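Working notes for the structure below.
The values are calculated or read from the model by the stated rules, or taken from the named source; none is laboratory data. In this text the structure is predicted, and so the values were computed from the model without any measurement. Note that we place each Cβ from the backbone using ideal geometry, even for glycine, and neighbour counts take in every protein chain shown. Each accessible area value is taken on the protein alone, full model and side chains, heavy atoms only, with ligands, DNA and RNA left out. Shrake-Rupley method; radii C 1.70, N 1.55, O 1.52, S 1.80 Å.
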Amino acid sequence: MINLEQKINKLFKDKTLLITGGTGSFGQIVLKSFLNKNLKKIIVFSRDEKKQEDLRSQMISKKIHFQLGDIRDFKSINFAMRNVDYVFHAAALKQVPSCDFHPMEAVNTNILGTENVLRSAIENNIKKLIFLSTDKAVYPINAMGISKSLAEKLVQSKARSINKGPIFCITRYGNVMNSRGSAIPKFIEFIKKRQKITVTDPSMTRFMMSLEDSLFLVLFAFINGDQGDIFIQKSKACSIGDLADALQKIFNVNVGKTIIGSRHGEKLFETLVSREEKSNAKDLGKFFQIKLDKRDLNYANYKFSANKKINYQEDFTSHNTDQLKSKSLIKFLKEQDFIKKSL
């Protein structure tokens with residue numbers, strides 16, 4: 001971690017960072033982490049003036065500059081991108097049922113908005129961009145996942161075509177424990193109100209990643225990523241039913257559970273690496289690195305790449321990774337700062 005800190009400080013010295021969707025959970029953890037670093041400027045780009053005002057009053061710093069705008073509007077993001085060195089592209093519609101009911105909104109933000117960000121990054125000759133993606137982009141079954149999957153393809157398409165210019169990388173992660181709209185804060189709210197916890201399906205499994213982990217993954221990709229790379233962290237996982245039970249034990253209450261069934265577009269488990277991608281992935285211990293397939297569309301050249309075969313490894317999912325159960329899950333949750341603050 002010390003080496004990473006040193007590299008980050010060196011690379012970000014006197015540089016300008018733009019965070020799209022910067023008022024969200026990820027943007028806020030970046031700001032808290034980066035205020036003591038030697039950046040020249042951090043631009044928080046988002047479309048919600050109320051969230052910007054709230055964040056502006058919480059984090060008073062000459063380094064932070066707030067830019068109101070929308071990635072759906074090229075002129076808006078292009079204006080903010082001037083003189084920027086690095087970009088963390090986090091702006092997206094992320095709520096699965098909402099995107100299923102309004103799929104064109106997911107298209108407009110997650111696909112066309114990403115195209116605007118990438119085009120602007122190229123035109124403004126930024127140095128590096130990290131695109132934040134999701135497990136739902138792998139074998140997508142909902143509008144949110146489909147839109148993020150296509151956004152990943154956009155990033156990789158640009159990466160293939162760039163000879164000189166920005167480096168585009170992707171990070172992909174599943175459930176972030178304390179992010180806005182995630183399960184744990186909702187479960188804690190039920191517990192504190194002494195209401196039964198609403199559970200969609202107790203057998204569903206989800207990866208357990210902290211906001212700090214999500215930032216670490218982005219920084220790891222920033223330091224180590226080559227053109228078109230995808231990075232995934234090997235996170236632990238648990239079932240939703242076990243999670244609800246563990247939180248009740250931590251808070252020393254027994255409110256029970258109400259099972260309502262899965263919502264629109266929900267999966268039984270999260271997949272972060274497909275078996276097809278496993279064929280082209282490097283195992284870095286704590287991370288997977290999926291290299292960009294840089295072959296062109298001239299199929300005559302493929303005879304020289306006979307090693308490009310799909311193997312029969314399993315996908316990397318929340319069902320087949322380390323499962324946190326009972327005592328280990330309680331211990332893991334108690335170690336999280338946001339849980340400590342909630343007690």
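Values computed for the structure shown
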quantity: Pair ASP73, ASN9: separation of 7 Å Cα→Cβ label points (nm); calculated: 4.0
quantity: The chain: antiparallel DSSP beta bridges as a percent of all, rounded to 5; calculated: 30
quantity: Binned Cα-Cα distances of region 105-223, short to long, each 10 Å bin given as a whole percent; calculated: 12, 34, 32, 15, 6, 1
quantity: Inter-label distance, nm, simple model (7 Å from Cα along the C-beta direction), THR200/ILE223; calculated: 3.4
quantity: LYS128 long-range amide H proximity, modeled H, under 5 Å; calculated: VAL87, ILE167
quantity: Karplus-derived HN-Hα couplings along region 165-180 (A = 6.51, B = -1.76, C = 1.60, θ = phi - 60°), whole Hz, x at Gly and Pro; calculated: x, x, 9, 10, 10, 10, 10, 10, 9, x, 5, 9, 4, 10, 6, 4
quantity: Gain on full stretching of the segment that runs from ASN108 to THR258 - 0.36 nm per residue minus C-alpha separation; calculated: 50.5 nm
quantity: Listed residues GLY69, SER147, LEU343: farthest to the positive end of the dipole of the chain (Cβ charges); calculated: LEU343
quantity: Built amide H within the under 5 Å cut-off of SER133, gap 5+; calculated: THR171, ARG172, TYR173
quantity: ³J(HN,Hα) computed for each position of region 259-276 - Karplus, 6.51 cos²θ - 1.76 cosθ + 1.60, integer Hz, glycine/proline x; calculated: 8, 10, x, 5, 8, 4, x, 7, 9, 5, 8, 9, 10, 9, 9, 7, 5, 5
quantity: For the chain, accessible area per residue (1.4 Å probe, heavy atoms of protein chains only), Å²; calculated: 49
quantity: Additional length obtainable on full extension of the chain from ASP283 to ASP296, 0.36 nm per residue less Cα span; calculated: 2.2 nm
quantity: Long-range HN-HN contacts of LEU284 with modeled amide H, under 5 Å; calculated: GLN289
quantity: Linear extension gain, GLU314 paired with ILE141, 0.36 nm per residue minus alpha-carbon span; calculated: 60.4 nm
quantity: Trypsin sites (Lys or Arg not before Pro) restricted to region 172-220 and DSSP loop, no more than 15 other C-beta within 10 Å; calculated: ARG180, LYS193, ARG194, LYS196
quantity: Relative contact order (percent, whole number), region 1-53, Cα cutoff 8 Å, 6+ residue spacing; calculated: 44
quantity: Projected label distance in nm at LYS331 and SER161, using a 7 Å step from Cα toward the beta-carbon; calculated: 5.1
quantity: Space enclosed by the convex hull of the alpha-carbon atoms of region 80-175, per residue, Å³; calculated: 85
quantity: Whole-Å distance, taken between Cα centres, linking region 167-240 and region 34-65; calculated: 23
quantity: Cβ-Cβ FRET estimate between LYS341 and LYS153, R0 fixed at 35 Å, reported to 0.05; calculated: 0.35
quantity: Hydrodynamic radius of the chain per Kirkwood, over alpha carbon pairs, in Å; calculated: 21.1
